[in-house]
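What follows draws every value from the coordinates through simple rules; no lab data is involved. It should be emphasised that the depicted structure is a prediction, and the values quoted were computed from it without experimental measurement. In this analysis, Cβ positions are derived from the backbone assuming ideal geometry, glycine residues included, and neighbour counts consider all displayed protein chains.
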Amino acid sequence: MSKILNVTLSDIEYEILKKVTIVEGEEGEKLRNLLRYYLFNLPELTSAKYALKRVENKEEIESYLREVWAAYELMDNPTEVWKEEKINKLTTDLIELNVLLKTGEKQYAPANKFRNLYKMLLHDIATDSRDMDEYSASSVATIQLLMEFGAGVLSNEMIRDGTILLNEGWLFVYATAMKRAREFMKTKKLFPEAAPIIASTKKV
């Protein structure tokens, strides 16, 4: 639901607003565009700072993760039973947060900034928590980024459903690729001589 705000600016603040050139628009529209500009340019935290925040917010993140997996206990893909209205509202909210980009008619994709940060976090989380499966690591990465991109104002439901939608729509493919790569490396370690034998056979 949209909110209408009445803001009182001093003469100096108003003159500054008129001279702002980084966004377009008049008065209230320009203020809204400034907010959008701020959201789009939220500073990217380093890997170490995200790791620190995971420790600081461990209980909250784990609580969100439990809610995500509780939804999966009912069915393999919770989004399959969601109404179109819910999905539309969710995608609209994620677009406003610069998490998703609209690429066509009812077609969306993660924004580059979000995707790149997700891939960094997925690697870090999966590396730091070897006992955690790849799909849980993916969910933790998505949860943490939604908490960050939402600037602490998103509801529990929004974070839970946003995590599920993003993972099912676009991000679980990275977790699957990581899982397969890990399984391959385990096989390679179990049979270290296999590759040289195959190579020598080809030469003959």
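Work out, step by step, the length gained on full extension between L39 and E80: first 0.36 nm times the residue separation, then minus their alpha carbon distance; give nm to one decimal.
Length difference between fully extended and current span is 11.7 nm.
Pull up all non-local amide H partners of L154: gap of 5 or more, or a different chain, and H-to-H distance under 5 Å with H placed in the peptide plane.
Amide H to amide H, under 5 Å and 5 or more residues apart or across chains, L154 pairs with nothing.
Quote the convex hull volume per residue of region 36-84, based on C-alpha atoms, as a whole number of Å³.
On the way: hull volume 6.6 nm³, N = 49.
It comes to 134 Å³ per residue, whole-number rounded.
Can you tell me the convex hull volume per residue for region 47-190, based on C-alpha atoms, in Å³ to the nearest whole number? Write out the running numbers ahead of the final one.
Numbers: hull volume 17.7 nm³, N = 144.
So the per-residue Cα hull volume is 123 Å³.
Net charge within 12 Å of G152 by Cβ-Cβ distance, Lys/Arg positive one each and Asp/Glu negative one each, not counting G152 itself?
Values: positive: K53; negative: E60, E148.
Spelling it out: positives minus negatives among the neighbours equals -1.
How big is the gap, in Å, between the Cα center of region 28-85 and the Cα center of region 2-22?
Cα centroid of region 28-85 versus Cα centroid of region 2-22: 30 Å apart.
Hey, got the Cα dimensions of region 59-128 along the principal axes, in Å, largest first?
If we take the Cα atoms of region 59-128, the spans are 39, 31, 20 Å.
Which whole-number percentage describes the relative contact order of the chain, with Cα contacts under 8 Å and a sequence gap of 6 or more?
Values: 128 pairs, mean separation 39.5, N = 204.
Relative contact order comes out at 19 percent.
What FRET efficiency comes out for the pair V20/A51, r = Cβ-Cβ distance, R0 = 41 Å, nearest 0.05?
Working: r = 36 Å, r/R0 = 0.88.
Efficiency computed from Cβ-Cβ geometry: 0.70.
Please go through region 47-121 and write out the GluC sites (Glu not before Pro) that DSSP classes as loop and that have at most 16 other C-beta atoms within 10 Å.
Details: sites: E56, E59, E60, E62, E67, E73, E80, E84, E85, E96, E105; in loops: E105.
Passing both the DSSP loop test and the Cβ count: E105.
If I model a spin label at M132 and L9 as a point 7 Å from the Cα along the Cα→Cβ vector, what separation in nanometres do I get?
About 4.3 nm, to one decimal.
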